[in-house]
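Since the structure comes first, as structure tokens, the remarks are kept for the end.
The values are calculated or read from the model by the stated rules, or taken from the named source; none is laboratory data. All values reported here derive from a predicted model rather than from experimental measurement. Here Cβ is always computed from backbone atoms with ideal geometry, including for glycine, and neighbour counts include all displayed protein chains. SASA here: full protein model, heavy atoms, side chains in, ligands and nucleic acids out. Shrake-Rupley method; radii C 1.70, N 1.55, O 1.52, S 1.80 Å.
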Amino acid sequence: MKINRIVLYNFSSYEGLNEFDFTSDDDSKNIILIGGKNGAGKTSLFTAIKLALYGPLAFGYMGVNPKYVAKIKECINSKT
């Protein structure tokens with residue numbers, strides 16, 4: 001699987017609309033490196049990817065339940 005683009009809206013440390021484009025003009029370059037200082041949002045980005053791919057299993061839940069919903073509410077950035 002290749003992720004080409006990610007769009008986050010008020011997710012964790014990301015305020016407002018944030019787009020990440022992972023496409024490359026060179027097909028031989030198929031590795032994307034994500035780096036940044038502490039607090040830059042790397043873990044938030046990977047948490048968003050994990051949630052998109054696995055849903056409740058990303059947090060170890062077998063299905064949607066009140067604890068999972070509470071975890072999702074914690075991920076919402078309400079600073080805007």
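Brief remarks on what is shown
- When residues of segment 4-49 are limited to those that are in contact with a Leu (Cβ under 6 Å, 6 or more places away or on another chain) and not polar (S, T, N, Q), the one farthest from residue 79 (Cα to Cα): 48
- The residue that is farthest from residue 5 (Cα to Cα), among those in segment 41-64 that are part of a loop (DSSP other than H, G, I, E, B) and either touching a residue at least 12 places away in the same chain (Cβ under 8 Å) or in contact with a Phe, Trp or Tyr (Cβ under 7 Å, 6 or more places away or on another chain) (or both), is 61.
- From the list 31, 76, the lone residue that is of a type in the set (Val, Ile, Thr) and under 12 Å from the mean Cα position of the chain (by Cα) is 76.
- Scanning segment 58-80 for residues that are farther than 15 Å from residue 18 by Cβ, surrounded by fewer than 13 Cβ atoms within 10 Å (Cβ to Cβ) and hydroxyl-bearing (Ser, Thr, Tyr) turns up just one, 78.
- Scanning segment 40-57 for residues that are open to solvent by less than 80 Å² (accessible area, probe 1.4 Å) and in contact with a helix residue (DSSP H, G or I) (Cβ under 6 Å, 6 or more places away or on another chain) turns up 51, 56.
- Residues in segment 1-31 that are in contact (Cβ under 8 Å) with a residue 12 or more places away in the chain, surrounded by 11 or more Cβ atoms within 10 Å (Cβ to Cβ) and part of a loop (DSSP other than H, G, I, E, B): 3, 12, 13, 22.
- Looking only at segment 65-80, residues that are part of a helix (DSSP H, G or I) and free of Cβ contacts under 8 Å to residues at least 60 places away in the same chain come to 9 in all.
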